[in-house]
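Contents: one structure, followed by commentary.
No value in this document is a laboratory result; all are computed from the given coordinates. The structure presented is a predicted model; accordingly, all values stated were derived computationally and were not measured. Heads up, the Cβs are rebuilt from the backbone with ideal geometry, glycines too, and the neighbour counts pull from every protein chain shown.
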Amino acid sequence: MGPDAALAVDVPSGYGRHSCLLVEHGYDVIAIDADERALRHIHEGTSLGNNKLTCIVADCRADIPLATDTIFIAVVVHFISSALLQALSRIIRTGGYLIYETYGGNGDNYVTLPRPGQIAAALHPSFELLLYKEKAVGPKRNAATVKCLAKRVAVPLDHQPRPHNGEGATHQ
Ligand SMILES: C[S@@+](CC[C@H](N)C(=O)[O-])C[C@H]1O[C@@H](n2cnc3c(N)ncnc32)[C@H](O)[C@@H]1O
């Protein structure tokens, strides 16, 4: 990886559409996914310089294998996991950014989408919400789609988030 470029993580990356964009914008990118085949596709199927892209096979519902306070920008698109959000608050450095988007509310998606307000609550107090768009979905409107840009902020010791109690981010 280059010595000067900021570090970005695309998690889960799938076939790497956002990883490629991040490399094009000058970031050193870490693509993480549980699907080794998808990561191989990114590695072999693109013309990205190998020194700009690192692929890691990992379960991103567990703590992801990256050092604390190292990431400048994290992209999470079409994936919902409270454990992942907690891991990102550990690895994104103060002043870094999280771009987060759930999948849409079509069909039965509301079953696994978060509740209204749930993602904002999960990001507090580690992130400042610069942009937060939430749309209630589902038959009872008690699930939500979310698009969000958040900035990692320093958290005073007496305001540290409570320890994580299991996955629990999805709406049933
Ligand atoms: C809907 S795709 C989204 C991929 C990418 N963010 C995008 O927008 O193109 C969901 C991805 O999550 C990955 N995935 C599912 N469960 C996972 C897990 N526990 N850990 C890591 N990746 C996982 C799948 O392999 C798949 O590539």
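Summary of computed values
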read-out: For the chain, convex hull of alpha carbons as volume per residue, Å³; value: 116
read-out: Degrees, to the nearest 10: 36-45 long Cα axis against longest axis of the chain; value: 50
read-out: Per-residue HN-Hα couplings for the range 152-158 [Karplus 6.51, -1.76, 1.60; θ = phi - 60°; Hz; x = Gly/Pro]; value: 6, 10, 6, 10, x, 3, 7
read-out: Net charge, residue 29 excluded, C-beta distance under 14 Å - Lys, Arg +1, Asp, Glu -1; value: -2
read-out: Degrees between helix 82-91 axis and first principal axis of the chain (Cα, 0 to 90, nearest 10); value: 50
read-out: Sorted by Cβ density within 10 Å, fewest first, the residues 37, 17, 152; value: 37, 17, 152
read-out: 222 nm mean residue ellipticity, helices alone, for the chain (DSSP H n ≥ 4; -39,500 (n - 2.57); rounded to 500); value: -5500 deg cm²/dmol
read-out: Residue among 139, 12, 116 with the largest mean-square fluctuation in a Gaussian network model of the chain, springs linking Cα atoms under 10 Å; value: 139
read-out: Order of 59, 108, 33, 28 under a 10 Å beta carbon neighbour criterion, fewest first; value: 108, 59, 28, 33
read-out: Count of lysine pairs in the chain with Cα separation under 28 Å (8 or more residues apart, or interchain); value: 6
read-out: Point-to-point label distance, residue 135-residue 115, nm (Cα→Cβ direction, 7 Å offset); value: 2.3
